[in-house]
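Chemist: Starting off with a structure, shown below.
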Amino acid sequence: MHALDQSILTLILLVPLAGAILVAILPDRGKAPNWLALIVTLFSFVLTLHLPAHFAPGMKGFQFEIDRAWIADPLISYHVGVDGLSLWLVVLTGLLGPVGVLASWNAITARRKVYYSLFLVQQTAMYGVFVSLNLIIYYGFWELSLVPMAILIAMYGRKNGPKAALKFFLFTFIPSALLLVGILWLYARTGTFDYVNLQIYLAHDTLPARALFWVALAFLAAFAVKVPVFPLHGWLGDAFSEAPVALAMVIAGKLGLYSLLRFHVELFPVQARHIAPLMIALAVIGVLYGACLALVQRDFWKVLAFGAVSHFSLVVLAIYGLAPAAWNGAVYQILSLGIVEGGMFVLLGVLDTRYGTSQIAAYGGLAAKLPRTASYFVIASLTMIGLPLLSGFVGEFVILSNTFTDVSRGWAVAAALGTILSAGYMLSLVQRLFYGPESTMAASKPASDLRFNELAALTPLVVLMLVLGVAPSYWFRTMKDGLQPEATQASPMHSAAQSPDSLPVSVHTEGQP
Amino acid sequence: MNVRFHLWLIPLLPFAGFLINGILGARLHRGVVTAVALLAPLLSFALVVRDAIALYGTGPVFPSPYVETCPMPWISVGPLHVDFSFVLDQLSLVMLLIITGVGFLIHIYSVGYMRGDKGYARYFSYLNLFLFFMTTLVLAGNVLVMFVGWEGVGLASYLLIGFWYQKTSAADAGKKAFIANRVGDFGFLIGIFLLLANFGTLTFSEIAAKLAANPEWMGGALTTICLCLLVGATGKSAQLPLYVWLPDAMEGPTPVSALIHAATMVTAGVYMIARTHFLFERSPHALNVVAVIGAATALFAATMGLVQNDIKRVLAYSTISQLGYMFLGCGVAAYSAAIFHLVTHAFFKALLFLAAGSVIHALGGEQDMRKMGGLWRKTPITFVTMTAAVFAICGIWPFAGFYSKDAILYAAFLHGTRGEILWFVGLVTALLTALYMFRLWYMTFFGEPRAHEAHPHEGPWSMLGPLVILGALSICGGWIGRGEGLGRIGEFLAPTLGTYTDESQVPHLELILSCVAVAVALLGWLIAHSLYAKKTDRPARLAAAMPGAYKLVANKYYVDEIYNAIFVKGLMGVSKYLLNLVVDAGILGGAAWLLGGIAQLGGAILQRWQSGNLRSYAAWLAAGAAAVLVVFLLWPALLHSQSGWTGLGH
C-alpha cells in the first residue's frame, strides 16, 4: 500500500479548491491567472494518475477509501472512495482540467480571475461528485457543480448568456431540489447518508415500496435532466452555444450518467428494474431523435448538442439494459465521449472565436487554409461516428452487442440505426465547414490555424482517441470488478439461455430444397 | 518449426507510410515522400511473396491456415472476447498478392499521374492508409477485425473520392459513398450481433468448427445471418440496391478508381462471402438471393453502361456489372470461380482505369468520350494495353476474362433448377459488356480526333510501365485457371473454398457454352463496330426509335432521384418539420416555456429584492446553496420527534 493511498482523494479534492482561492487572491496581472490555473490543473491531473497506478483491479468494493466522522448529528461522515466505475471518470476530469484551461487561454480575455477561480471550483465539484460515498456530501458537490456553471454561462455567454443560464438553472436546480428531498427522506427513514449502508438497507427491502418508488423517481429525474435524457434536453442546445468551451465540455453527460448508474440503478435496483423498460424506450428514441435533429440544425453548437443527446442516450440504453457487460461499454463510452466532445468543443470554439459565428452556412472550404484544424476535426468526427480503431467504436459495439444478445434485439437494431445517422450529420458538418469552395465569410477573415495552446489541448485528446480504440482491454481490466450490477441478478429482461456454448436456440432444421 | 511470419508487418508497413507522409509529408522533400509511399507497398508485397513461397512453394512445411494472434486481446468484456488475429491461408494469400501487387503498380502509376498536384503527400498517405485497412480486412481471423478493415477501407475511399475537396461534387460523392456503405455496414453489424448471439464467438475457424460439428443446422437463424452479411456485401461491392455510390465515386483521382473502386476494395463483399462460405452453404435461400442479386446487378449495370459518355463512368458501371458476375459465382457456390474472376478482373479493370487515366492525362483532363477519338496513333502504348483489357473483359479467348467469366457462367448453368436463367442473364450481360466496351474503344481511339485544342501525348514511364505489366497480366493472367476444375487456381484454393467438380451429364458442355459466350461477345463487337466505328447518326437514330427506354436508361432509371426523394428528402423533411418544429420547438419547447413562465412569475415577485444584475444573481445562487446547508444543520431538530421510529439506527 502506497503512503498516499490514505489521503489521495482528499488531495485531489483540495488542490483545485486551493488553486481557486489562490487565483482569487493573487493580483490579476497579464496571464498570471492562466498560468496558475494551468499549473494547478496539471498538478491535480497528475494526482489523479495515482489512482489507476495503484488501483487493485481484482478487489471488491471501494479503494483509496476515506471514512471519517464529521458531524455527529445529523450523522455525516466524510466518506470518499473510488471503484472501477468512478476510477477513470476521476482521471478524465483531471485530464479535461488542463485541456479546459488551454482552450480558454485566448478565448477568455476579461475578468480572468473570476473565470479561472470558478473554473477550479467546478473541477473540485466534479471530482467530488465522482468520489463521494455519502449522499449529503455528494449532494453538496452536485449542487456546487451547477453553481459556477450557471454563473459562468451568464457572465461569458457568447450572445445570450443570461437566458441560457436561466434555462440551465430552471432545468437543473428544480430536479436537484427533488433529489435533496429524496436524500433527506432516506435519512429520516434509515438514519444514514452513507452510500454503502444505504445500499444494504435498501437491499433488505424494509422501506415502503410506494414511497421508495417516488424517492427513486426523484433521484432519476435529477440525473436524467443533467444527462440529458429525451425529452428533458431542452436546456442543452442553449447551454452548448453559450457556455465557455472549457465548461461546455463537461456540462452534460458524464456527471448525470455516472449518477444514474451509481445512485439510481445501484442504489435502487428494484425500482430501476421496474422503470427500465421505459428508460430503454426513451433511450432508443433519444438516439434516433437526437441524430435526426442533428441532421437539420443550422448552428454547429446545436449539431453538437443533438449529437450529444443521441450519444448519451446510447449510454442510457446500456445502463438500463442492466446487462453487466454492457455497463463496461457504458463507462467506456462515457470516457470516449468525454474525450471526443472535449476535442469537438475546442475545435468549434476555435472557429467561433476566429470567425465570430456559429452559423454553418457562413462557412465552407476551410480545409485549404486551416489544414490542421480540418485534420483534427475529421479525426474527432470519425471517433464520434464510431469508426473502428478509434475510441467511439469500442463502447458502441460493446453496448449494442450486449443489448442485442442480453436485452432486446429490436431495441438494439433500432439503436444501431444511429450509426448511419451519425455518419450523416457529422460528415455533412465536416463538408459544410471545411470542404467545397471557400465561402466569402471565410475569405474575408485572415486564416489562422491551430495555435500552440490549442494544439497542446487537442493532441493528447486525439492520441487518446486512437489509444482507447486500439487497446481497450487495459481499461476494461480495471473496470470489470467495479461493475457487478445487483439489478441484473433477477432482471426479467435478461434472457436465460444465452450461454456462449449453448446450441443456437433459433437455428432449426430445414429440409434442403 | 518456430519461424514466425510477422503477418502484422504486412498491414503495419503501409500504416507507417501513412503516418510519415500524413504528419510530415507537407514538410518533406517530394522525393522522400515518393520513396516512403512506394516502399510501404513494395515491402508488403515482398513479404507476401516470401510468405507465399514459404507456405506453398516447397510443399506443406507450415500448417495452413497459419494463424497469428496479438498477445493482448482487443476487446474483452464479459462473454465477448475479440483478438487481433490474422490468418494466412490460400484465400487471403491470393487476395494479398492482388492488393499489394496491383496496389504497388498503381502507386508507381500515381507518381506520374499526381506529380503536379499540391496534395501529393496527402494523396499518398491516404493511399497507404487504404492498403493498411485492406490488408487488415483480408488477413482478419475474426469477423470484427474484418469489420475494422471493412469500415477502414470505407474511410480511405471517402478521403480519396473527396480528395479534391474544393469541388462540391467530389465532397458530395465522398459523403454519399460513406453513408451508402454505412447502410450496408449496419446490416453487417446486425449480422455480427447475430453471430455472437448464436455462436458466442466471432472467430471464423470456431464458427466453421461449430457448423461442422452440427451438420443438421440449416437455414433459420443462419439465413438471417447470411442475409445481414449480404447487406454489408452489397454496400461495399456496389450491388443492388446499394450500388448508387460507385458511379459518383469516379470524382476521385483515376488511380484511386483503379485501385479502390475496381481492383480491390469493391471486391471485399465477394471476399467476405467466400470467407464465410461455410455459413452460406447452410442457407440455400441466402445463396439464391446472392445469385439473383448478382445476376440482376450484372445486367442492370450493363444497360446503364451503354449510354454513359464519361469514360470513367462507363468503367464504373462495368465494374458494378462485373462484381455482379462474382456475386453470381458465389451464389451458385462456385466460390473459387468468383475469386478467380476477382483476380482477372483486378488485372484488366485496373488496366482499363489506368489506361483511361492515361487518355484523360493525354487530353489534359477531358473525360467526355464524345470529345475523344483517333487517339490510337498518338498514344500507342495506351491503345495496345487498353485493347488487351477490352478483349479480356469481353471474355474473348485466350484473354484473362475468358477463363474466369466462362467458369462462372458454366457453374451458373449447372446450378439447380433455374440455373439456365441465371446463365442466360449472364450471357446477355456479356453481349452488353462487349457492346459498351467496344463503344468506348471506338469512341476513344478511332474516328476523327475531336479534341482539336489539345496535343495528345503519352504519359511518363512511371505511368506506362504499370500499363504494360497489367496488359501482360490481362492476356495471360487467366491461364492459371485453364483446364479441369479451374486448373491451378482451383487446385490452390480447394483447401479453403472446396473443390470444383464438373457435374455435367452432357459431354463437351463447357466447350459448347464457352463457344456460345465468345460468339455473343463477338456479336457485341460487331454491333459496336456498325454503330461507332465511324461517326454516324445511327446511335442517335436508335435512341430516337425508342425514346422512352432511352430516357429511362440515360437517367439511370431515376434510382438516384427516387432514393433522394424517399430517404434524403423524406428523412430531412420529417426531421426538420415534424421533429424540429412540431416536437422540439413546439411541444417540448412549449412545455419548458410554460414552466419558465411560472418561474418568471415567481421571479417578478422576487424582483423587489434583486436588482437584476449578474452579481446579485450569483449572490442568489450562493444564498440557495447556503440555505441547503442550513436545512441540514437544522435537520436534527426536525428529526428529533421522528427518531423513535426510524428503527434502522446503527
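The values are calculated or read from the model by the stated rules, or taken from the named source; none is laboratory data. Predicted model, so just to flag it, every value in this text is computed and none were measured. Backbone-built Cβ (ideal geometry, glycine too); neighbour counts: all protein chains shown.
Chemist: Can you tell which of A:Ser310, A:Ser358 is out of contact with any Asp or Glu (no Cβ under 9 Å at 6 or more places or on another chain), among the hydroxyl-bearing types (Ser, Thr, Tyr), closer than 26 Å to B:Met572 by Cα and more than 9 Å from chain B (Cβ to nearest Cβ)?
Modeler: Numbers: A:Ser358 fails: out of contact with any Asp or Glu (no Cβ under 9 Å at 6 or more places or on another chain).
From the options A:Ser310, A:Ser358, the qualifying one is A:Ser310.
Chemist: Sticking with this one: Do you know which of the residues in the stretch A:220-243 that are part of a loop (DSSP other than H, G, I, E, B) and β-branched (Val, Ile, Thr) is farthest from the chain's Cα centre (by Cα)? Step through it out loud before you land on a result.
Modeler: Narrowing the stretch A:220-243 to residues part of a loop (DSSP other than H, G, I, E, B): A:227-235, A:243.
Applying the additional criterion that residues be β-branched (Val, Ile, Thr) yields A:227, A:229.
On the way: A:Val227: 8, A:Val229: 13 Å.
That would be A:Val229.
Chemist: While we're looking at this one, here's another question. Consider the stretch A:408-433. How many of its residues are polar (S, T, N, Q), within 23 Å of the chain's Cα centre (by Cα) and either more than 11 Å from every other protein chain (Cβ to nearest Cβ) or more than 15 Å from A:Ile385 (Cβ to Cβ) (or both)? Quick ask: steps written out before the conclusion?
Modeler: First pass over the stretch A:408-433, keeping only residues polar (S, T, N, Q): A:408, A:419, A:422, A:428, A:431.
Keeping just the survivors that are within 23 Å of the chain's Cα centre (by Cα) gives A:419, A:422.
Now narrow it down to the ones that are either more than 11 Å from every other protein chain (Cβ to nearest Cβ) or more than 15 Å from A:Ile385 (Cβ to Cβ) (or both): none.
Residues in the stretch A:408-433 being polar (S, T, N, Q), within 23 Å of the chain's Cα centre (by Cα) and either more than 11 Å from every other protein chain (Cβ to nearest Cβ) or more than 15 Å from A:Ile385 (Cβ to Cβ) (or both): 0 in total.
Chemist: Report whether or not B:Leu581 is more than 8 Å from every other protein chain (Cβ to nearest Cβ), modelled with pLDDT under 85 and in a helix (DSSP H, G or I).
Modeler: On the way: more than 8 Å from every other protein chain (Cβ to nearest Cβ): yes; modelled with pLDDT under 85: yes; in a helix (DSSP H, G or I): yes.
When the stated conditions are applied, B:Leu581 passes them.
Chemist: Condition first: crowded, with 24+ Cβ neighbours inside 10 Å, of a type outside the set (Ser, Thr, Tyr), out of contact with any Cys (no Cβ under 6 Å at 6 or more places or on another chain) and more than 11 Å from chain A (Cβ to nearest Cβ). Can you find one or more residues in the stretch B:161-168 that meet it? Quick ask: steps written out before the conclusion?
Modeler: The initial filter retains those residues of the stretch B:161-168 that are crowded, with 24+ Cβ neighbours inside 10 Å, namely B:161-162.
So of that shortlist, the ones also of a type outside the set (Ser, Thr, Tyr) come out as B:161-162.
With the extra rule that they be out of contact with any Cys (no Cβ under 6 Å at 6 or more places or on another chain), the set shrinks to B:161-162.
Pick out the ones that are also more than 11 Å from chain A (Cβ to nearest Cβ) and you get B:161.
Yes, the conditions are met somewhere in the stretch B:161-168.
Chemist: Considering (1) over 20 Å from A:Ala150 (Cβ atoms); (2) at pLDDT below 95; (3) of a type in the set (Val, Ile, Thr), say which one A:Val114 fails and leave the rest.
Modeler: (1)
Chemist: What tally of residues in the stretch B:1-21 results from selecting those that are under 23 Å from the mean Cα position of the chain (by Cα) and of a type outside the set (A, V, I, L, M)?
Modeler: Within the stretch B:1-21, residues that are under 23 Å from the mean Cα position of the chain (by Cα) and of a type outside the set (A, V, I, L, M) number 6.
Chemist: What are the residues in the stretch B:145-174 that are more than 17 Å from the chain's Cα centre (by Cα) and in a helix (DSSP H, G or I), if any?
Modeler: Within the stretch B:145-174, B:Thr168, B:Ser169, B:Ala170, B:Ala171, B:Asp172 meet the criteria.
Chemist: Something else now. Grab the helices (runs of 4 or more DSSP H) fully contained in the stretch B:408-520, keeping just those with 2 or more residues being at pLDDT 90 or above and on the phi < 0 side of the Ramachandran plot. Talk me through it step by step, then tell me what you get.
Modeler: Details: elements: B:419-445, B:461-476, B:487-497.
The helices (runs of 4 or more DSSP H) meeting that bar are B:419-445, B:461-476.
Chemist: Would you say B:Tyr550 is more than 14 Å from every other protein chain (Cβ to nearest Cβ) and either surrounded by 15 or more Cβ atoms within 10 Å (Cβ to Cβ) or without any contact (Cβ under 8 Å) to a residue 12 or more places away in the chain (or both)? First the steps, then the outcome.
Modeler: Working: more than 14 Å from every other protein chain (Cβ to nearest Cβ): yes; either surrounded by 15 or more Cβ atoms within 10 Å (Cβ to Cβ) or without any contact (Cβ under 8 Å) to a residue 12 or more places away in the chain (or both): yes.
In short, yes.
Chemist: Consider the stretch B:483-531. How many of its residues are surrounded by 14 or more Cβ atoms within 10 Å (Cβ to Cβ) and farther than 19 Å from B:Thr429 by Cα?
Modeler: Of the residues in that region, 15 qualify.
Chemist: Now, a different point. So how many residues does the stretch A:265-307 have that are within 14 Å of another protein chain (Cβ to nearest Cβ), assigned to a helix (DSSP H, G or I) and of a type in the set (A, V, I, L, M)?
Modeler: Of the residues in the stretch A:265-307, the ones within 14 Å of another protein chain (Cβ to nearest Cβ) are A:282, A:285-299, A:302-303, A:305-307.
The next check asks that each one be assigned to a helix (DSSP H, G or I); those that pass are A:282, A:285-295, A:302-303, A:305-307.
Retained after the next criterion (residues that are of a type in the set (A, V, I, L, M)): A:282, A:285, A:287-288, A:291, A:293-295, A:303, A:305.
Residues that pass the stated criteria total 10.
Chemist: Further question: List the helices (runs of 4 or more DSSP H) inside the stretch A:62-166, counting only whole elements, that have at least 1 residues being crowded, with 24+ Cβ neighbours inside 10 Å and within 13 Å of another protein chain (Cβ to nearest Cβ). Please lay out each step first, then the result.
Modeler: On the way: elements: A:87-104, A:112-131, A:135-156.
Once the helices (runs of 4 or more DSSP H) in the stretch A:62-166 are filtered for at least 1 residues that are crowded, with 24+ Cβ neighbours inside 10 Å and within 13 Å of another protein chain (Cβ to nearest Cβ), what remains is A:112-131, A:135-156.
Chemist: Would you check which residues across the stretch A:185-207 are more than 9 Å from chain B (Cβ to nearest Cβ) and among the charged types (D, E, K, R) and list them?
Modeler: The answer is A:Asp194, A:Asp205.
Chemist: A further question follows. May I ask you to list pairs of residues, at least six apart or on different chains, whose Cβ atoms are under 7 Å apart, with the first in the stretch B:141-163 being more than 13 Å from A:Leu427 (Cβ to Cβ) and in contact (Cβ under 8 Å) with a residue 60 or more places away in the chain and the second being basic (Lys, Arg) and assigned to a helix (DSSP H, G or I)?
Modeler: Cβ pairs passing all conditions: B:Trp150/B:Lys236.
Chemist: Just the residues that are more than 22 Å from A:Ile319 (Cβ to Cβ), in contact with a helix residue (DSSP H, G or I) (Cβ under 6 Å, 6 or more places away or on another chain) and of a type in the set (S, T, N, Q), please, taken from the stretch A:374-406.
Modeler: Result: A:Ser381, single match.
Chemist: Could you tell me whether any residue of the stretch A:353-367 is assigned to a helix (DSSP H, G or I), hydroxyl-bearing (Ser, Thr, Tyr), within 20 Å of A:Arg451 (Cβ to Cβ) and out of contact with any Phe, Trp or Tyr (no Cβ under 8 Å at 6 or more places or on another chain)?
Modeler: In the first step, residues of the stretch A:353-367 are kept if they are assigned to a helix (DSSP H, G or I); the result is A:353-355, A:360-362, A:366-367.
Applying the additional criterion that residues be hydroxyl-bearing (Ser, Thr, Tyr) yields A:353, A:355.
If we keep only those that are within 20 Å of A:Arg451 (Cβ to Cβ) too, we end up with A:353, A:355.
Restricting the remaining residues to those that are out of contact with any Phe, Trp or Tyr (no Cβ under 8 Å at 6 or more places or on another chain) gives A:353.
Yes.
Chemist: Out of curiosity, is B:Ala177 assigned to a helix (DSSP H, G or I), at the interface with chain A (Cβ under 8 Å from one of its Cβ atoms) and either closer than 21 Å to A:Ser381 by Cα or of a type in the set (Asp, Glu) (or both)?
Modeler: On the way: assigned to a helix (DSSP H, G or I): yes; at the interface with chain A (Cβ under 8 Å from one of its Cβ atoms): no; either closer than 21 Å to A:Ser381 by Cα or of a type in the set (Asp, Glu) (or both): yes.
No: the conditions fail for B:Ala177.
Chemist: Just checking, how many residues over the stretch A:223-233 are within 14 Å of chain B (Cβ to nearest Cβ), surrounded by 24 or more Cβ atoms within 10 Å (Cβ to Cβ) and of a type outside the set (A, V, I, L, M, F, W, C)?
Modeler: Going through the stretch A:223-233 one residue at a time, the tally reaches 2.
Chemist: For the stretch A:375-402, which residues satisfy the criterion of being at the interface with chain B (Cβ under 9 Å from one of its Cβ atoms) and assigned to a helix (DSSP H, G or I)? Write out each step before concluding.
Modeler: The initial filter retains those residues of the stretch A:375-402 that are at the interface with chain B (Cβ under 9 Å from one of its Cβ atoms), namely A:375, A:378, A:382, A:385-389, A:393-394, A:397-398, A:400-402.
Residues satisfying the conditions are A:Ser375, A:Val378, A:Leu382, A:Ile385, A:Phe393, A:Val394, A:Phe397, A:Val398, A:Leu400, A:Ser401, A:Asn402.
Chemist: If you don't mind, there's one more thing I want to ask. Restricting the stretch B:21-37 to residues that are within 12 Å of another protein chain (Cβ to nearest Cβ) and touching a residue at least 40 places away in the same chain (Cβ under 8 Å), which is farthest from B:His107 (Cα to Cα)?
Modeler: B:Ala26
Chemist: Step by step: first the residues of the stretch B:180-221, then only those that are within 7 Å of chain A (Cβ to nearest Cβ), in contact (Cβ under 8 Å) with a residue 24 or more places away in the chain and of a type in the set (Gly, Ala, Ser), then the one that is farthest from B:Trp74 (Cα to Cα). Which residue is that?
Modeler: Looking at residues that are within 7 Å of chain A (Cβ to nearest Cβ), in contact (Cβ under 8 Å) with a residue 24 or more places away in the chain and of a type in the set (Gly, Ala, Ser), I get B:Gly219.
Chemist: Would a scan of the stretch A:450-466 turn up a residue that is within 13 Å of chain B (Cβ to nearest Cβ), under 27 Å from the mean Cα position of the chain (by Cα) and modelled with pLDDT under 90?
Modeler: no
Chemist: I need the full set of residues from the stretch A:186-218 which are part of a helix (DSSP H, G or I), closer than 20 Å to A:His79 by Cα and of a type in the set (Phe, Trp, Tyr), in order please.
Modeler: If the condition is that a residue be part of a helix (DSSP H, G or I), closer than 20 Å to A:His79 by Cα and of a type in the set (Phe, Trp, Tyr), then A:Tyr187, A:Tyr195, A:Tyr201 are the ones that fit.
Chemist: Oh, and also: Consider B:Arg122 carefully, then state whether it is within 19 Å of B:Gly17 (Cα to Cα) and in a loop (DSSP other than H, G, I, E, B).
Modeler: no
Chemist: Answer yes if at least one residue in the stretch A:68-80 is under 30 Å from A:Ala330 (Cβ atoms) and touching a helix residue (DSSP H, G or I) at 6+ places or on another chain (Cβ under 6 Å), and no otherwise.
Modeler: Applying the first criterion (under 30 Å from A:Ala330 (Cβ atoms)) to the stretch A:68-80 yields A:77-80.
Subset that is touching a helix residue (DSSP H, G or I) at 6+ places or on another chain (Cβ under 6 Å): A:80.
Yes - at least one qualifying residue is present in the stretch A:68-80.
Chemist: Shifting gears a bit: Would you check if A:Tyr332 is crowded, with 24+ Cβ neighbours inside 10 Å, of a type in the set (Phe, Trp, Tyr) and closer than 22 Å to A:Leu220 by Cβ?
Modeler: On the way: crowded, with 24+ Cβ neighbours inside 10 Å: yes; of a type in the set (Phe, Trp, Tyr): yes; closer than 22 Å to A:Leu220 by Cβ: no.
The answer is no for A:Tyr332.
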